[in-house]
Structures are given as structure tokens and as C-alpha cells.
1. Regarding Gly50, is this residue among the small types (Gly, Ala, Ser), out of contact with any Cys (no Cβ under 9 Å at 6 or more places or on another chain), open to solvent by less than 80 Å² (accessible area, probe 1.4 Å) and farther than 30 Å from Ala247 by Cα?
2. Out of Leu354, Leu320, Leu340, Leu415, I need the residue that is assigned to a strand (DSSP E or B) and over 47 Å from the mean Cα position of the chain (by Cα). Which one?
3. Within the stretch 376-390, can one find any residue that is part of a loop (DSSP other than H, G, I, E, B) and either within 30 Å of Val124 (Cβ to Cβ) or open to solvent by 80 Å² or more (accessible area, probe 1.4 Å) (or both)?
4. For the stretch 223-239, does any single residue satisfy the condition of being open to solvent by less than 50 Å² (accessible area, probe 1.4 Å) and of a type in the set (D, E, K, R)?
5. Tell me which of these Gly361 doesn't satisfy, since it passes every other one: (1) surrounded by 13 or more Cβ atoms within 10 Å (Cβ to Cβ); (2) assigned to a helix (DSSP H, G or I); (3) of a type in the set (Gly, Ala, Ser).
6. Determine whether the stretch 332-339 contains at least one residue that is hydrophobic (A, V, I, L, M, F, W, C) and modelled with pLDDT under 95.
7. Looking at the stretch 418-451 only, could you name the residues that are open to solvent by 50 Å² or more (accessible area, probe 1.4 Å) and part of a helix (DSSP H, G or I)?
8. Can we say Thr393 is without any contact (Cβ under 8 Å) to a residue 40 or more places away in the chain, loosely packed, with under 15 Cβ neighbours inside 10 Å and either of a type in the set (Asp, Glu) or farther than 30 Å from Arg311 by Cα (or both)?
Amino acid sequence: MTRMLFKNISVTLLVLWTCRGVASAQDKQLLTEETFVQQVKQYHPVVKQGDLLTQKAEADLLTARGAFDPVLDAATSAKTLDGVDYYQYTNPELKIPTGTPINLKAGYEKSNGQYINPERTKGVASYIGIEIPLLNGLLTDKKRTALRQAGIYRQLNTQERLLMINDLLFDARSAYWEWAGAWYLYRVYTNYIEIADKRTMLISLSFKHGDRAMADTMEARAQLQNIKLMQAGALAELNKKIVDLSAFLWTADETPYLLPESFVPDTLALATIQPLPDTAVLVAGVGNAHPAVQAARYKLGILEAERKLKRQNFLPVVNLQANLLSKDYYQYKNVSWPYLENNYKLGFNVKLPLLWRQERGEYKNVLIKIRDNNLELQKKQWDLQNKIRKYYTETVQLQHQLQAAREMNSAYTFLLKNEELKFTQGESSLFLINARENKILEIQQKVIELQVKYRKATYAIQWAAGSPAAQ
């Protein structure tokens, strides 16, 4: 009778063992990493904030171009006192910046009255003129520098947007795999609870028939409570990871939401060993591909434009204003050299600082900023290259550790099966079976932790490289 009961218990345990790690898939919906990431890319506020950076850069560029818009300026004034018509003066003028040092203007003056300014022509006089900086402002000026910098800022903001998204996706993928690991570990403990619960029931039944000692029932119950305790800890950790993952979940109408309980992670992908990228190529490409490096280079371009402007300030300000005049409304007919000699208005404006202290100070400040930016650029490139090397080394080591942990899991599984076989033959004890089972639980927890670290480390290589795949 005892032998028959032992055989029944053995068969039951073996059947239960084959069911280890199998979770019910009913009413569950798989959430893969890529599906999750695509939703983050589409709806997360950080992505939309990155889009706002691009829109802001376009608006700033439009503002800078506005400095070259044509301007229609009109002035009019009149004075009458005691019935005396002193003067009436009207002067509409069109100014046309060309985007070059030369600015065009055209207009007319209409002056009437008894006491008009002697400098003004009585009646109507029209003019077409130009303004040219001959020294300071010839190569560049504030308006052209601002336009050039606005164009560079647009490219800079594009790189900063990529940086924001790269960091966001790194955090999102890390949160996904941590959730996957926590969910998988919770399922492992849940499956083992089912096994331990049925084992306790069978041992108790055997004790009632006088085939097992009271110590065996206490041993089985202690193991059941131990696994329940581990399951409770795993559930608490899983709930934390669900909240962490939900920080990346947003709807199309910009509403956040918690991850539904029906969703489960892709645990098969969690256990997959991925091929590692060529780190030599990634390290070499940091200087050309990484958004952080490109952003630093664009900042250098902005500073270089400012340097050219500040260098212009060492030149004297010499502006030429030349107008071709007409005694009527633009009656420029038969224009010849004699006409030019007798119908013009010419002026020069000269300004020359004597000590240049402000100009020298501003120029030195720009040189210091450029030097600081170059040092930061070199440091950033080196740091990023070292990050790639560090994450690659970490990933390789995790591969070795994961392989060793899986081999240990296989060994412990064999030992547990062997111990159960001995138990059916009366050559072992429930204490040894529980000890073997605890080692398996311990190593399975380690395997899951290593799998999560491995997935995060493999993606960290791409993140550190700022590669398009990481975007």
C-alpha cells in the first residue's frame, strides 16, 4: 500500500514538474517591445516637445528673415499759424534690404508753404538711392549674422530633438524589459506555488494514512509559505514596474493611462541572445552620426558667426548714402553723366572708436566660448566612445554570465529530478527536494535578472552611439 502511494505521488510530482513555467494565456494580450516603442514615439509628450523645438526654430528663422522685409515708411507734417501756411511736407519712402551690404530705397518729397526748410525742394522731388557700408558691415552685420545663426539653430534643434527622443526611448525600452522580467519572475513563483500546494496536499493525505511523518507535512507547508512570500515580493515589484512602464503610455488625445492587466510582455524575446554590433564602426561613427556631437558642432558654427561679426567691429564705420534725384514724380529720362552731376544727394557717415576696449573685450569673450566649445566637443566624443566600449564589454560579460547561469539551471533541474526519483524509492527526503527546489528558484531569479540586464545593455550600445536604429 505504501509503495503504491509513493508511486502515485511520484507520478503526480513528475506531471507537475513538466508543467513548470507554463502560464495561462487565456484572455491575455501580447505587448511586444516594438509595439510599445512605436506608441511611445507617436504619443509621448517628450516627442511632441521635440517637434515643438523644430517648430520654434522655424519661427526664429522666419523672424530673422523678417529683418530683410521691404518697409514702406511715410511721414507727413504741416504748420499753419494765424492764417499763415508755414509748410506742408509729405515723404513716403520704400526701403528694400537686399540681403547684401547694399540697401535700396526710393521715395518722393512734397513740400509747400511760405517757410519750408531750405534743404527741401519746393514742390515735388523724387529720389532713388542706395546705402552701402564701406568698411564695418561690408562682409557681415547684425541682420545677416542673425539670419545665419537662425539657420544653424534650426539644424541644432533638430539634433537636440533627436537627443531627447534617443534618451526617451532608452528609458522606455529599459522600463519595458524591467516590466517583462518582473512579470516573468512573478509567473515563475506562481507556477511553483501551484506545485508546492498540490505537493502539500498529497503529503498531508499520505500523513493521514500513516505513510508520512508529521515533519514532512510541516516541511511541505514551510516550502509553500516560503514560495508565497517570494511571490508577494515579486508581485510588489511587478506593480512598481507597471507604474514605471505606464509613465510612457499616452493616448492620441494626450491623456496618460495605466497599463491594462490583460497585457503581457514578450518573454520569448527576453530570453533571446541578440547579435552584437561592430563596436569599431560605432566608435568611428560617433564623430559624424551622434546628435550630441552634431549639436556641439552647430553651436560652434553659431559662435563662429558671432566671431566674424565681432571682428567686423574693429573696422571704422563708414557708410555711403547716394541718391539720384528728380524734380518730379520719377521723371528719370535721358539719364546721362551730366544729369548725374547735377541731380544727386551724397553723404558719408564715419564713426571711429579710439580705444576699442568694448570691441576687444567682446572679441576675446567669443574666442573663449569657441575654445570652451571645442574642449567640450572633444570631451563629449571621447566620453561617448568610452560609453560604447563600456556597454559592449558589459554585454559580452553578461552573455558569459547568462550562459553559465543557464547551465547551472539545467544542472539544478537534473539534480531535483534525480532527488525526486530517489524520494519515490524512499532514499531521499522532502527536505532535500525543497533544498534543490530553492536553488532552482534562486538560479531562475538570477537568469531573469541577467536577461533583463543583457537586453538593456545591448540597447545601451546603440543609445551611446546615437545610431539611427536607436532613434
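The values are calculated or read from the model by the stated rules, or taken from the named source; none is laboratory data. All of these numbers come straight from a predicted model, not from anything done at the bench. Cβ placement follows ideal geometry from the backbone for every residue including glycine, while neighbour counts extend to all protein chains displayed. In case anyone asks, the SASA skips ligands and DNA or RNA and just uses the protein heavy atoms, side chains included. Shrake-Rupley method; radii C 1.70, N 1.55, O 1.52, S 1.80 Å.
1. Details: among the small types (Gly, Ala, Ser): yes; out of contact with any Cys (no Cβ under 9 Å at 6 or more places or on another chain): yes; open to solvent by less than 80 Å² (accessible area, probe 1.4 Å): yes; farther than 30 Å from Ala247 by Cα: no.
Judged against the criteria, Gly50 is not a match.
2. Working: Leu354 fails: assigned to a strand (DSSP E or B); Leu340 fails: assigned to a strand (DSSP E or B); Leu415 fails: assigned to a strand (DSSP E or B).
Among Leu354, Leu320, Leu340, Leu415, only Leu320 is assigned to a strand (DSSP E or B) and over 47 Å from the mean Cα position of the chain (by Cα).
3. Scanning the stretch 376-390 turns up no residue that is part of a loop (DSSP other than H, G, I, E, B) and either within 30 Å of Val124 (Cβ to Cβ) or open to solvent by 80 Å² or more (accessible area, probe 1.4 Å) (or both).
4. Residues of the stretch 223-239 that are open to solvent by less than 50 Å² (accessible area, probe 1.4 Å), as a first pass: 223-224, 227, 231, 233-234, 238.
From what's left, of a type in the set (D, E, K, R): none.
The answer is no; no qualifying residue exists.
5. (1)
6. Taking the stretch 332-339 as the starting set, the residues that turn out to be hydrophobic (A, V, I, L, M, F, W, C) are 335, 337.
Checking the rest, the ones that are also modelled with pLDDT under 95 come to 335, 337.
Within the stretch 332-339, one or more residues are hydrophobic (A, V, I, L, M, F, W, C) and modelled with pLDDT under 95.
7. Step one: list which residues in the stretch 418-451 are open to solvent by 50 Å² or more (accessible area, probe 1.4 Å), which gives 418, 421-422, 425-427, 431-432, 436, 438-439, 442, 445-446, 449.
Within the stretch 418-451, Asn418, Leu421, Lys422, Phe431, Leu432, Arg436, Asn438, Lys439, Glu442, Gln445, Lys446, Glu449 meet the criteria.
8. Taking the combined requirement at face value, the residue satisfies it.
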